[in-house]
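Student: First the structure, which I've put down as structure tokens, then a few questions once you've had a look.
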Amino acid sequence: MRYGSEKDLWLIVVNWVTAIVMIACFAIIWLEPTVPSWLRWVLSAISLGGVVVPLWMTYGTWYEVKESEVLMRSGPLFWRLQLEDIESVRPSRSLLAGPALALDRLAVHSRNRRIPVLISPVDRGAFLRDLVSAAPHLELGTEGRSAHRVHAIPGSR
């Protein structure tokens, strides 16, 4: 199943302001007669990228649990984690970059990565239940704060 990303309002505002500023830059580039033609095209491409990428990331961030992997996309960026490599999933408020549009995140720890992948699915509970049902070596925490944690079952590998 595919899960959209939870979105913090401040991040949506930052991405839209960035896009609007880049649209203004694009207009200025074409309205300024002293800009050389070759530079106008280069700056236009950069400006349009500055419009498309933040909006693509804002509305194109999702996570999908498949039979053998978890797919994660944020605009043009893509991550793939094999289910068998996932060691744990824990709540996080880390400011590190990742395919998460909210600060209320889940850190997905994997054997093959030093730094966890940070995600923010809208329905954390359903995402974690889906993950545990697809990965028999993982189990879901059951009480209080551990309810949004997943960890490997000892001796399951």
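Student: Go ahead and run the numbers for FRET between W41 and L9, Cβ-Cβ distance against an R0 of 25 Å, rounding to 0.05. If you can, show how the numbers build up before the last one.
Tutor: On the way: r = 36 Å, r/R0 = 1.42.
Computed FRET efficiency for W41 and L9: 0.10.
Student: A further question follows. Any idea what angle helix 37-59 forms with the longest principal axis of the chain, computed on alpha-carbon atoms, 0 to 90 degrees, nearest 10?
Tutor: For helix 37-59, the angle is close to 30 degrees.
Student: Let me ask something else. Hey, with R₀ at 25 Å, roughly what FRET efficiency would E64 and N112 work out to, going by the Cβ-Cβ distance, to 0.05?
Tutor: 0.85
Student: Can you put S110, S88, S120, S37 in order of Cβ neighbours within 10 angstrom, beginning with the fewest? List each step's numbers first, then the result.
Tutor: Details: S110 20, S88 15, S120 25, S37 7.
Arranged by neighbour count, lowest to highest, S110, S88, S120, S37 become S37, S88, S110, S120.
Student: With only alpha-carbon atoms counted, please give the Rg and Dmax of the stretch 7-59, in Å.
Tutor: 12.7, 41
Student: As I understand it, the value is the acute angle between the Cα axis of helix 9-31 and the longest principal axis of the Cα atoms of the chain; what does it come to in degrees, rounded to 10?
Tutor: In the chain, helix 9-31 runs at an angle near 20 degrees to the longest axis.
Student: A further question follows. Residue by residue, what Karplus-based ³J(HN,Hα) values in Hz, rounded to whole numbers, does the stretch 68-77 have, using 6.51, -1.76 and 1.60 with θ = phi - 60° and x for Gly and Pro?
Tutor: 10, 7, 10, 9, 9, 10, 9, x, x, 9
Student: So for the stretch 66-139, Kirkwood radius off the Cα pairs, Stokes-Einstein at 20 °C and 1.002 mPa s: how many µm² s⁻¹? Before the final figure, lay out the partial values.
Tutor: Values: Rh = 12.5 Å.
Translational D for this selection: 172 µm²/s.
Student: Antiparallel DSSP bridges in the stretch 1-125: what percent, to the nearest 5? Please list the in-between numbers first.
Tutor: Numbers: 24 of 25 bridges.
Roughly 95 percent of the DSSP beta bridges within the stretch 1-125 come out antiparallel.
Student: A further question on this structure: In whole Hz, with x marking every Gly and Pro, tabulate ³J(HN,Hα) for the stretch 86-94 from phi via Karplus 6.51 cos²θ - 1.76 cosθ + 1.60, θ = phi - 60°.
Tutor: 6, 9, 6, 9, 10, x, 8, 10, 4
Student: For E6, which sequence-distant residues (separation of 5 or more, or a different chain) have an amide H within less than 5 Å of its own amide H, given hydrogens modelled in the peptide plane?
Tutor: Sorted by chain and number, the residues that satisfy this are L101, S120, V122.
Student: Taking the Cα centre of the chain as origin, work out the dipole magnitude from +1 charges on Lys and Arg Cβ and -1 charges on Asp and Glu Cβ, in debye rounded to 20. Provide the component values of the computation, followed by the final result.
Tutor: Values: 17 positive and 14 negative charges, 52 e Å.
Roughly 240 debye, rounded to the nearest 20.
Student: For the chain, modelled as a Gaussian network with Cα springs under 10 Å, which listed residue fluctuates most, E64, E139, E32?
Tutor: E32
Student: Please order F78, F26 by the number of other Cβ within 10 Å, starting at the fewest.
Tutor: Details: F78 10, F26 19.
The most exposed by this proxy come first: F78, F26.
Computed from the coordinates by the stated procedures, all read-outs in this text should not be read as laboratory data. Nothing here was measured: the structure is a model prediction, and the numbers come from that model. Here the Cβ is made from the backbone with ideal geometry for all residues, glycine too, and neighbour counts use every protein chain on show.
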